[in-house]
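Asks: I'd like to ask some things about the structure below.
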Amino acid sequence: MSDSAGRGGNRSGGGRFGGGNRRGKRSGGSARTVAVKRAAPTVREPITLPPVLSVSELADKVEMTGVEVIRELMKIGIMANLNQQIDYDTANKVATALGWESSEDESAQASTSADFESRRLESESDPDSTARPPVITIMGHVDHGKTKLLDSIRSANVAEGEAGGITQHIGAYQVETHGRRLTFLDTPGHEAFTAMRARGAQATDIAVLVVAADDGVMPTTREAIAHIKSANVPLVVAVNKIDLPTANPDRVKQQLSDAAVMPEEWGGDVPFVEVSAKDKRGLDDLLEVLLLVADVNELKANPNKPATGVVVEAQVDSNRGAVATVLVQSGTLNLRDVVVAGSTWGRIKAMFDDHGKRVRRAGPSTPVEILGLMAVPQAGDTFEIFEDEKVARQLAEQRSATRRIESISENRPVKLTELYDQVKEGKTAELRVILKADVQGSLGAIQNALLKLNDTTDEGVQLSIQLASTGAISESDINLAATTRSIVIGFNVRPDVAAKRAADSAGIDVRFYTIIYNLLDEVKAAMTGLLAPVFEDVTDGYAEARNTFKLPNNDVVAGLYVLDGKVVRNSRARVLRSGVVVFEGGIKSLKRFKDDVREVAAGYECGLGLDGFNDIQVGDQIEFLHRQEVART
Ligand code: GDP
């Protein structure tokens, strides 16, 4: 993992891609359990909060609107919607910030939780495990022949008796050679691969990197290498299009060894196979090498138990309802099994193989299309089997909540401004960077300069470059950032629309620069704890003081008319008299008639008391604002 693809010149050593434990083990401990029953809404302070609750439930508890809670969450770097589940620690932070004292409601912890991940991991050490087919993903630059290779492998190796049969594209297929099977995921490219990993799934056992022999290593080739490395998956290179007169396989080997992918024949550990997807040349060799790599990695699973696996793709079909292609990773999936997949569940009504044939069961590494789920799961969701439908439904709900907690609290995206604090707290010692630039020249210069910061800063933070490539910031860059907990740096490049959306929803720190000096300066500041976040004031609304009253305790409150926007209880108030700021501070009370309120909209009147300011006068204008962290430009 620490072997960064961006670091040039790492030629010796040849980076073993296929290290033992590829299935990223989650921090083993039992996942937090979820409140199935929630206590009735609380009365007054202090409040108790369950281990997990939704944003809107929290809003109820703290007597605020959902939007206000979301805003508080944003302040601590969490992008959430109303239905999102958050854990107690996060909820507690928000409650505290809003002036509530809260404690965790221990009794709400459900005792029926199952640790999905650990069960799945058991299969690896299960003595009843037997060899299973490898699951293979094909990656590489556009037009280098990924699709053609998948098609050629499939058509050349359909199993006995299936030749001529209809092939169905269900997202994965199996072929047979020398009496053994191999499974190919047939969405080529690293986008699907990273999207799955972003959801915590690792379906791929071996990656095939396709490089066209006439074209050589291209930007996407480098990206694919970075993704494969970060997933620690064994790699086989297919040098394609060797039928072309312009083919130059040696140049490909040279270029790849420069990118720290060292061919076996040159003393490295990456098998290279020369193929022509067009002529179907070398395909047998490729399959043989893949089986060899599978043997070396001892891919095993126990078929004699309930199935677990991963969703490869899923959609709604107007006639058949939710249709999902699942890949069985261990155990055997049977018709009529009750499945929990991600946050949905259902009883399998029908099951089809990659030839569209109805099947009754599917063993390890077999992809099948299943019908019967209540809703559409997402690619990368894991699935499991349960005896009892009721338990399945409950667990589907729990699982989605548990997942969210993990993604919120453990895998929270790294923010450059928080880096130093995290280092001090011992939470991280690494700043991972995905670097995108407009041209190769600036990319190389920035990459070198960034890595040099490791020598010049002695704060114990190490910078590593997960990916350095040219071109716009893409959605798959964001996915890689999410899985590797990296920040994204764009030099003279911007994200495309999909990437922008993905970055916003995942809360990835994406920074743009046009001047190398600024870029280095800011990264260095972050590494040494000198980078302060930039805040800006956001105006919530304006109001005008129309009369004032003195309370028995001598506090003065003003009767306001809200002119524009809204007045929010926890905003700051800025009192303007003839355009001059005479006070800025907190709100002590906000009332409509006799009631305390959280918000008053434009066109309404309200009573306002200010914290430490009793000189409010008729005619004063009051601006209400809150502070918000903004990305640097
Ligand atoms: P992808 O974008 O990587 O999926 O590439 P495709 O599979 O779509 O192939 C791109 C182009 O290269 C197509 O026109 C293919 O017919 C062609 N192609 C693929 N493999 C070979 C090959 O081995 N030899 C030759 N000559 N052309 C190939």
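The values are calculated or read from the model by the stated rules, or taken from the named source; none is laboratory data. None of the values given here were measured: they were computed from a predicted structure. As a convention, Cβ positions derive from the backbone with ideal geometry for all residues, glycine included, and neighbour counts pool all protein chains shown. When the accessible area is computed, the model is the full protein with side chains, heavy atoms only, and any ligands, DNA or RNA have been set aside. Shrake-Rupley method; radii C 1.70, N 1.55, O 1.52, S 1.80 Å.
Asks: Whole number in Å², please: accessible area per residue of segment 434-514, 1.4 Å probe, ligands, DNA and RNA not counted.
Replies: Accessible surface, normalised per residue, equals 38 Å².
Asks: What is the ratio of the Cα radius of gyration of segment 477-542 to 2.2 N^0.38 Å, where N is its residue count, to two decimals?
Replies: 1.31
Asks: What residues have an amide H closer than 5 Å to that of residue 98, excluding those fewer than 5 places away on the same chain, when H is modeled at 1.01 Å from N in the peptide plane?
Replies: none
Asks: Still on this structure, please answer the following. Taking 60 Å as R0, compute the FRET efficiency from the Cβ-Cβ separation of residue 439 and residue 168 and round it to 0.05.
Replies: The formula returns an efficiency of 0.85 here.
Asks: Moving to a separate point now. Can you compute the charge dipole magnitude of segment 336-386 about its Cα centre, using +1 on each Lys and Arg Cβ and -1 on each Asp and Glu Cβ, nothing else charged? Give it in debye, rounded to the nearest 20.
Replies: 320
Asks: By how many nm would the segment from residue 492 to residue 65 lengthen if fully extended, with 0.36 nm per residue of separation less the alpha-carbon distance?
Replies: Extra length available between residue 492 and residue 65 comes to 149.7 nm.
Asks: If you don't mind, there's one more thing I want to ask. Quick one: which residues, 5+ away or cross-chain, put their amide H under 5 Å from the amide H of residue 278? H built at 1.01 Å from N.
Replies: Here the answer is 241, since their amide H atoms fall under 5 Å of that of residue 278.
Asks: Just to confirm my numbers, what's the Cα centroid distance between segment 57-82 and segment 307-322 in Å?
Replies: Their Cα centres are 33 Å away from one another.
Asks: When the distances between all Cα atoms of segment 245-375 are binned every 10 Å from zero, what whole-number percent does each bin get?
Replies: Values per bin, smallest distances first: 11, 30, 21, 21, 15, 2.
Asks: Per residue of segment 225-242, in order, report the coupling 6.51 cos²θ - 1.76 cosθ + 1.60 (Karplus, θ = phi - 60°) as ³J(HN,Hα) in whole Hz, putting x for Gly and Pro.
Replies: Working through the residues one at a time gives 4, 4, 5, 5, 4, 5, 8, 6, 9, x, 10, 10, 9, 9, 7, 9, 6, 6 Hz.
Asks: Still on this model: For segment 319-329, what does the Karplus curve 6.51 cos²θ - 1.76 cosθ + 1.60, with θ = phi - 60°, yield as ³J(HN,Hα) per residue in whole Hz, taken in order and with x for Gly and Pro?
Replies: With coefficients 6.51, -1.76 and 1.60, one gets 8, 9, x, 6, 10, 10, 9, 10, 10, 6, 9 Hz.
Asks: First check a/c for segment 186-270, with a ≥ b ≥ c the square roots of the eigenvalues of its C-alpha gyration tensor; if it is under 1.5, answer rounded, and if not, answer prolate when a/b is larger than b/c or oblate otherwise.
Replies: prolate
Asks: What FRET efficiency, computed as 1/(1 + (r/R0)^6) with R0 = 45 Å and r the Cβ-Cβ distance, is obtained for residue 300 and residue 246, rounded to the nearest 0.05?
Replies: About 0.55, to the nearest 0.05.
Asks: What is the dipole size for segment 459-527, taken about its Cα centre, with +1 at each Lys and Arg Cβ and -1 at each Asp and Glu Cβ, in debye to the nearest 20?
Replies: Here segment 459-527 has a charge dipole of around 80 debye.
Asks: Taking a 23 Å limit on the Cα-Cα distance, which of the listed pairs 61/588; 241/436; 415/500; 253/280 fall beyond it?
Replies: Cα-Cα > 23 Å for 241/436; rest within.
Asks: Then there's this: Any idea what the dipole of segment 278-334 comes to, in debye rounded to 20, about its Cα centre with Lys/Arg Cβ at +1 and Asp/Glu Cβ at -1?
Replies: Charge dipole of segment 278-334: 220 debye, to the nearest 20.
Asks: So, one more: Percent of accessible area on segment 470-598 owned by carbon and sulfur, 1.4 Å probe?
Replies: 53
Asks: Here's something else I'd like to know. Pop a pseudo-label 7 angstrom from the Cα along the beta-carbon direction at both residue 126 and residue 82 and give the gap in nm to one decimal.
Replies: The two pseudo-label positions are separated by 4.3 nm.
Asks: Net charge around residue 328, counting only other residues with Cβ within less than 10 Å of its Cβ (Lys, Arg = +1; Asp, Glu = -1)?
Replies: +2
Asks: Also, quick follow-up: What are the ³J(HN,Hα) couplings of segment 579-594, residue after residue, when phi is run through the Karplus curve with 6.51, -1.76, 1.60 and θ = phi - 60°? Round to Hz, x for glycine and proline.
Replies: 3J(HN,Hα) across segment 579-594, in whole Hz: x, 9, 6, 9, 7, 9, x, x, 9, 8, 8, 9, 10, 10, 6, 8.
Asks: Around residue 337, which amide H atoms from residues at least 5 apart in sequence, or from another chain, sit under 5 Å from its own amide H, with H modelled in the peptide plane?
Replies: 348
Asks: Shifting gears a bit: For residue 550, go through the aspartates and glutamates and keep the ones whose alpha-carbon is under 12 Å away, minus same-chain ones fewer than eight residues off.
Replies: By straight Cα distance, residue 550 reaches 615.
Asks: Something else: Net charge within 12 Å of residue 92 by Cβ-Cβ distance, Lys/Arg positive one each and Asp/Glu negative one each, not counting residue 92 itself?
Replies: For residues surrounding residue 92, the net value is -4.
Asks: If you stretched the chain out fully between residue 578 and residue 355, how much longer would it get, using 0.36 nm times the residue separation minus the C-alpha to C-alpha distance?
Replies: Working it through step by step, the gained length comes to 72.5 nm.
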